[in-house]
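**Student:** The structure under discussion is supplied below as structure tokens; questions concerning it will follow.
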Amino acid sequence: DVFTALCKMERLAKFEMIMKVALEEYVLDLRNQMEIVPTELERFLTDVRYQAMKSNKEHFVENPINAFHLMYRMYNRWSRISNLIMCDECLQNQAAKKYVDTLSRFGLDTHLNATEKDVIGTAMALIRLWYVYNLDTELLIRGQIMDTITDPLTSSDVFFITDIADEQNHHYAAIKWLEALLKTKESTADNEDNIKEVHVVRRLASAYDKYGMPWKSLEILQRYNEFDSSDEKVKENIAYFRGKLEKLPMSDRTKQLTFDEPKTREHYYSLCRGHVARPTQILSELKCVYKKSILPYYRVKEEIMNWKPRLSILYDVVFDDEANVFKEFAMSNLHRSGVVLTENTAGFSEVRISETAWVSDATIPMAKKLSKRVEFITGLSTQQYPVVSHAEFFQIVNYGSGGMYEEHLDPFGYLMSYGRAFRPADPQDLQGSGDRIATWLYYLSDVRAGGATVFTDLNVTVPVVKGAAAFWYSIDRDGDLEQTTTHAGCPVLLGSKWISNKWIRETGQIFRRLCGKTPKAPDDI
Ligand SMILES: O=C(O)CCC(=O)C(=O)O
Ligand SMILES: [Fe+2]
């Protein structure tokens, strides 16, 4: 997959530049051979010249609308063009051979090519961002997200996106998007793609019908017919819906359009938007301190976000060049992030859209350095041994377009002993090192918007601040799970989010995390 990591999408945008050059050469060669250049190819080349100029700019795909445009073009248009050039008999042609050669000379690996899953992934990203951040649908279609503006979504883009939304049971979104598209159609004379207002009207009517509101479909069509009665299809549709409605009992005519995202996630979304206020009583007890480390000369800026369980943000704990070393390492080692799914199985799932690389302290000196820093600041051991380690390898993560990680707890053990039926992926490892006692999360990048780490029980939103780290205990001093450390990584709205996790295990901390005066005493690090 490509959509699952922003850095892969950036590579894809660069890849397109090379494809564009190869295509230009191909057209030139055809002309020199006095061959006919297919009009589709000519038209595409004009478009792609203009597009690739923009998509080659840095940070381009960090905008999810751009990410969608790029993927859509790659999957739908480039693949058609490639088929056109590389058909069996065409490959006899010198120009076509050269085209293929140029691509392979640049080592363009096929797995970087966009697949259907990628286009769907970037379309779903737009839907997700729209409902999580309450984005204005019309503005979004016009290409605006917050204060950034880019190429609008065309009518056929919106048709594609709403089809995906419908398939994935986001019917509310599909209807709202079509309604907004209709409004933009009404307010502009734009009729690109030959998609006219009437086409949108009929789609919207059909979407309402599928949703179980055929009377709304009828209403929409009738309204359109009053204004323009020349369309025969609309008249047919009106007759069809009249007939359908007559057969429908009155009791089935009451359904209204309602927001269909699970209610349980609404709180998580509010936190992502930064809209949850905490009680003044709690806020008044929080503070910022210069925290002592285990080195006598080293102190760090700590913002305490919660006392029990202890949750803090540490500032200026990783420098830009250090973060770059991690990112560089990760870029060539990324794989889709896994999650524990069921008994004994780990896997990929839609709850986590990102890619991951693991790095041990022995692999690169920077990993050792940053591990040690965690140890200096927290006082906990991060020592790695061949068998039983005190902490895990660093997990470096890059999120994808609209990428997020839904609510979860970091320790594995709760899967075993806290009422859930299934066991962790690697019980042997847990027997040796114990469970994840604490999480240290380095923020290796800034983002323009979104992507906060939110704690849904504590009502804490930790923003993405490059150079900072979040640190919290997931298991209390008594060895019990801190259920309230349930947290999530919010969808990234604008930007490329990089983090690196260090999970600290129970073993090795016995003389480092001392008991409190009472079994449940808050941590005081
Ligand atoms: O990306 C984030 O903000 C949270 C990530 C996280 O919770 C995890 O990787 O376990
Ligand atoms: Fe986590």
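The values are calculated or read from the model by the stated rules, or taken from the named source; none is laboratory data. What you are looking at is a predicted structure, and each value in this text was computed from that prediction instead of being measured. Here Cβ is always computed from backbone atoms with ideal geometry, including for glycine, and neighbour counts include all displayed protein chains.
**Student:** Can you report the number of residues in the range 124-167 which are more than 22 Å from Y269 (Cα to Cα), buried (at least 17 other Cβ atoms within 10 Å of the Cβ) and among the small types (G, A, S)?
**Tutor:** Here the count works out to 1.
**Student:** What's the number of the condition V465 fails, among (1) under 21 Å from L380 (Cα atoms); (2) away from ligand 1 (no atom under 11 Å from the Cβ)?
**Tutor:** Result: V465 passes all but (1).
**Student:** Filtering the range 491-507 down to residues that are outside any strand (DSSP E or B) and more than 14 Å from ligand 1 (Cβ to nearest atom), which residue is farthest from L135 (Cα to Cα)?
**Tutor:** T507
**Student:** Has the range 84-105 got at least one residue that is part of a helix (DSSP H, G or I), modelled with pLDDT of 85 or more and under 29 Å from the mean Cα position of the chain (by Cα)?
**Tutor:** No, the range 84-105 contains no residue that is part of a helix (DSSP H, G or I), modelled with pLDDT of 85 or more and under 29 Å from the mean Cα position of the chain (by Cα).
**Student:** To continue, here is another question. Among the residues in the range 66-89, are any among the charged types (D, E, K, R) and surrounded by 14 or more Cβ atoms within 10 Å (Cβ to Cβ)?
**Tutor:** yes
**Student:** While we're on this one: Would you call K502 in contact (Cβ under 8 Å) with a residue 24 or more places away in the chain, within 15 Å of ligand 2 (Cβ to nearest atom), within 18 Å of R273 (Cα to Cα) and among the basic types (K, R)?
**Tutor:** No, not satisfied.
**Student:** For the subset of the range 94-123 comprising residues that are in contact (Cβ under 8 Å) with a residue 60 or more places away in the chain and more than 22 Å from M9 (Cα to Cα), which member is surrounded by the fewest Cβ atoms within 10 Å (Cβ to Cβ)?
**Tutor:** So, considering only residues that are in contact (Cβ under 8 Å) with a residue 60 or more places away in the chain and more than 22 Å from M9 (Cα to Cα), the one surrounded by the fewest Cβ atoms within 10 Å (Cβ to Cβ) is Q94.
**Student:** Among the residues of the range 270-288, is any under 30 Å from H408 (Cα atoms), exposed (fewer than 13 other Cβ atoms within 10 Å of the Cβ), at pLDDT 95 or above and touching a Lys or Arg at 6+ places or on another chain (Cβ under 8 Å)?
**Tutor:** yes
**Student:** A further question on this structure: State whether the residues of the range 469-490 include one that is within 16 Å of ligand 2 (Cβ to nearest atom), in a loop (DSSP other than H, G, I, E, B), within 30 Å of I149 (Cα to Cα) and in the same structural domain as V397 (by TED's automatic domain parsing).
**Tutor:** Scanning the range 469-490, I find at least one residue that is within 16 Å of ligand 2 (Cβ to nearest atom), in a loop (DSSP other than H, G, I, E, B), within 30 Å of I149 (Cα to Cα) and in the same structural domain as V397 (by TED's automatic domain parsing), so the answer is yes.
**Student:** While we're looking at this one, here's another question. When you go through (1) surrounded by 18 or more Cβ atoms within 10 Å (Cβ to Cβ); (2) under 21 Å from the mean Cα position of the chain (by Cα); (3) at pLDDT 90 or above one by one for Y26, which number turns out not to apply?
**Tutor:** Tallying (1) surrounded by 18 or more Cβ atoms within 10 Å (Cβ to Cβ); (2) under 21 Å from the mean Cα position of the chain (by Cα); (3) at pLDDT 90 or above, Y26 fails exactly one: (2).
**Student:** Let me ask another. Taking the range 127-155 as the region of interest, how many residues are closer than 12 Å to W177 by Cα and part of a helix (DSSP H, G or I)?
**Tutor:** 9
**Student:** Let me ask you something else. Conditions first: (1) more than 14 Å from ligand 1 (Cβ to nearest atom); (2) in the same structural domain as V339 (by TED's automatic domain parsing); (3) β-branched (V, I, T). I510 passes all but one, so which condition is the exception?
**Tutor:** (2)
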